[in-house]
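Just below is one structure, and these are the notes that go with it.
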Amino acid sequence: MILVRKLQILALIALTVAGLTFISLPQQRQQNRVVLPLGEVAYGAQEQRGPAHPIPTHIIGALGQVSNEALAGQPTQRELKAAKDMHLSKIRGKANDSLEPKGGKIVLLTATDGKGHNGAITNLLETVEENREEYCAYHDYKYQFINITKHVSPSRHPVWAKVPAIQEAFELNPTAEWVWWLDTDAIIMTPEIDLASLVLDPEVMKTKIACDRPIKLPNGKPSGLTVSCDVDVNMVDVIVGQDHNGVNAGSILFRRNEWTMAFLDMWADPMYVNRRFERQEQDALNHIIVNHPKIREHIAIVPQRVINAYSVGGDEMGWRTGDLVVHFAGCWVNNECDKRWQDFWSRRQVIEVQD
């Protein structure tokens, strides 16, 4: 009887010690929590740029249990959003751009259905949004994301959803003067560069047009036409670059006016969609530029690296230090998308927060 009593007392003591240890555990973990810069998550002694897995939306389970994330001291989704909003508020409008157009007159559009070749890049959408929201906040531009699933039709290739997405971006932003379509697989590398000083200011635009350079066909051969040196920049409503296969619409700018709205309708005409161009909407755009001189007057072709440098290529094509953006077009061919993306992501310039 005495032995049983002693065992009961020892069991009670053991349970009490275990309970006290459990109660103190969250506080101890919280004290040891590592505070990281925005966009970084701790995994033990390692740091990883960008979220490696979805952050849980809550830390308390349905039965009131504390989640593993809370016990581990990892930031919750609410904490990450608060940190992100704080960061963006500190840099918003700090660029103090002087040339027009600026601020809310410019919309940076990201539109995707989450499919295509881009799945080869780890955490693509998370890093893209971080990169572009930061750029837009700094210059006080409007960042617009559109899920193009609603614009995808079984009767046409999904890339044609680009056109209605651009139209929708204008509708959602009635005060915007320019919409910049930028493919999802692109990184803004030099965020201090504003679009007016790069190409949109009329006087700057005059110097950036690829004067006297041949206009290429989709097969890369010369069309027999050259980019005019006598361009009325006040008539320019579309700005695009060429690669070795002709124009590339992965980075393209549109001015708001009636001409642009009519052109977007024409570009997506079923006659072009159903023709099944090899590069779909890009070859259709190339065809329009080459065969319609009056439309060509409204389209400025600029050197590729101005708005659409690639992750590989020579001096005219490949990204060089100081270029605004790098586009990973074609990286999926050699299965090098993720490798190249991570390399350039680590080399991009980051906006410093000024308190």
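Indicate the gyration tensor shape class of the stretch 103-347 (rounded, prolate or oblate), computed on the Cα atoms with a ≥ b ≥ c the square roots of the eigenvalues: a/c under 1.5 is rounded; otherwise a/b larger than b/c is prolate and the rest oblate. Rounded, since a/c falls under 1.5. When the GluC sites (Glu not before Pro) in the stretch 285-352 are filtered for DSSP coil states and for at most 10 other beta-carbon atoms within 10 Å of their beta-carbon, the remaining sites are Glu352. Non-local lysine pairs in the stretch 103-347, meaning eight or more places apart or on different chains, with alpha-carbon distances under 23 Å, amount to 18.
Give the peptides 171-180, 249-258 in descending order of average Cβ contacts within 10 Å, highest first. Before the final figure, lay out the partial values.
Working: 171-180: 16.9, 249-258: 19.4.
Top of the packing list down: 249-258, 171-180.
Cβ crowding within 10 Å, taken as a proxy for footprinting-reagent exposure, orders Ile106, Ile187 from fewest neighbours to most as Ile187, Ile106.
With the simple spin-label model, which puts each label point 7 Å out from Cα in the Cβ direction, the Asn96 to Leu225 separation comes to 4.4 nm.
The 3J(HN,Hα) values that the Karplus relation (6.51, -1.76, 1.60; θ = phi - 60°) gives for the stretch 210-216 are, in residue order, 6, 4, 6, 7, x, 8, 8 Hz. Gly and Pro appear as x. You can think of it this way: the chain between Ala262 and Val159 has 35.1 nm of extra reach, that is 0.36 nm per residue less the Cα-Cα gap.
Evaluate the relative contact order of the stretch 103-347 (contact order divided by residue number), counting alpha-carbon pairs under 8 angstrom at least 6 apart; express in whole percent.
21
Between Lys84 and Gln349, the contour length at 0.36 nm per residue exceeds the alpha carbon distance by 93.6 nm. Each of Gln77 and Lys206 was given a label point 7 Å from its Cα along the Cα-to-Cβ line. The distance between the two points is 5.2 nm. Its relative contact order, with pairs defined as Cα atoms under 8 Å and 6+ residues apart, puts the stretch 254-355 at 12 percent. Taking all Cα pairs closer than 8 Å and separated by 6 or more residues, the relative contact order of the stretch 114-222 comes to 24 percent.
Report for the stretch 103-347 the percent antiparallel among DSSP-assigned beta bridges with both residues inside it, nearest 5.
50
If you stretched the chain out fully between Val233 and Lys339, how much longer would it get, using 0.36 nm times the residue separation minus the C-alpha to C-alpha distance? Each step should come with its number before you reach the end.
On the way: separation 106, 0.36 × 106 = 38.16 nm, distance 3.94 nm.
Separation in residues times 0.36 nm, less the Cα-Cα distance, equals 34.2 nm.
Considering all alpha-carbon pairs of the stretch 94-209, what whole percent are spaced by more than 24 angstrom? If you can, show how the numbers build up before the last one.
Details: 2015 of 6670 pairs.
Distances greater than 24 Å cover 30 percent of the Cα pairs.
Where a number appears in this text, it was derived from the coordinates with a stated rule and is not lab data. All figures in this text were calculated on a predicted structure; none of them were measured in a lab. In this analysis, Cβ positions are derived from the backbone assuming ideal geometry, glycine residues included, and neighbour counts consider all displayed protein chains.
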